[in-house]
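Please read the structure below before turning to the comments.
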Amino acid sequence: MRLENKIALVTAAASGMGRAGVIRFAQEGARVAAVDIDQAALDAVVKEVADAGGNAVAIRADLTKDEDCHRIVDDTVEAFGGLDLLWNHVGHPGPSAVEDIDPDDYEIAMDLNVRSVFMTSGRAIPQLRKRGGGSILFTASIAGLIGSPFSPVYSAAKWGVNGMMASLAGRLANDNIRVNSVCPGVVDTPMLNVFMARPDQETDRDTNLAMMRKLTPLGREAQPEEIANAALFLLSDEASYITGVALPVDGGFVSK
């Protein structure tokens, strides 16, 4: 198994790609701390892992709070005795408009997309050093590689995430800590409707989704498990010579 004897922490773990990651990592032998604000959904994914013979714990947290970003690392170490792998998957679509933007909406998006992953990573790095190294993965987006007309705040945040990733990859290489990003395109998750049905867009959800499919060479949206599989590879020792990479998992969208 590719993650045997590894301890992993996954944020935004109760649905979509994060949930798929918790299940996939546990299948590959990891002990997984699943973090989300939705306790009921967390309990459900942890039960699914347990029913399949895996090992996961639920940690409820509000990652707009710095103290919770720190606590989830401490709780993981307390539960399992250490930390090897961190998937900073939490994110927020943010407002679509720039004109007359609500500063509170902007702050929430930046807190969840950027500040929280700084805080969580900062707390995790000493724990990874104690284990002789490890791997940190950020969920960025194709919106962090090319500008998104739907989501300028989200694009700004995810470009920041990729910049953070590249900086940490160089900074932490001597500690045997690899740092990468996965950059999903259109993925069939609950957040997809937010991106495709922005209130200030002239076109509706179905029209926008059809356009994105047309612009994607593979002609469809991804399933959450496909992003989780990419995350599994980047976090695992199979990617032992890969660091500082922002990997598009987008059906070829950014290749055009």
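Remark: PHE138 matches the filter, which requires a residue to be under 16 Å from VAL182 (Cα atoms), modelled with pLDDT of 95 or more and aromatic (Phe, Trp, Tyr). The criterion of at least 1 residues that are acidic (Asp, Glu) is met, among helices (runs of 4 or more DSSP H) falling completely within the stretch 120-232, by 205-215.
Across the stretch 234-256, the number of residues qualifying as in contact (Cβ under 8 Å) with a residue 60 or more places away in the chain and assigned to a helix (DSSP H, G or I) comes to 7. Within the stretch 127-159, the set of residues being surrounded by fewer than 19 Cβ atoms within 10 Å (Cβ to Cβ) and over 20 Å from LYS256 (Cβ atoms) comprises ARG129, LYS130, ARG131, GLY132, GLY133, PRO152.
Can ILE101 be described as among the aliphatic types (A, V, I, L, M), touching a helix residue (DSSP H, G or I) at 6+ places or on another chain (Cβ under 8 Å), more than 18 Å from VAL186 (Cα to Cα) and not in a helix (DSSP H, G or I)? Lay out the reasoning, then the answer.
Working: among the aliphatic types (A, V, I, L, M): yes; touching a helix residue (DSSP H, G or I) at 6+ places or on another chain (Cβ under 8 Å): yes; more than 18 Å from VAL186 (Cα to Cα): yes; not in a helix (DSSP H, G or I): yes.
Spelling it out, ILE101 is indeed among the aliphatic types (A, V, I, L, M), touching a helix residue (DSSP H, G or I) at 6+ places or on another chain (Cβ under 8 Å), more than 18 Å from VAL186 (Cα to Cα) and not in a helix (DSSP H, G or I).
The values are calculated or read from the model by the stated rules, or taken from the named source; none is laboratory data. It should be emphasised that the depicted structure is a prediction, and the values quoted were computed from it without experimental measurement. Don't worry about glycine lacking a Cβ; one is built from the backbone with ideal geometry, like all the others, and counts go over all protein chains shown.
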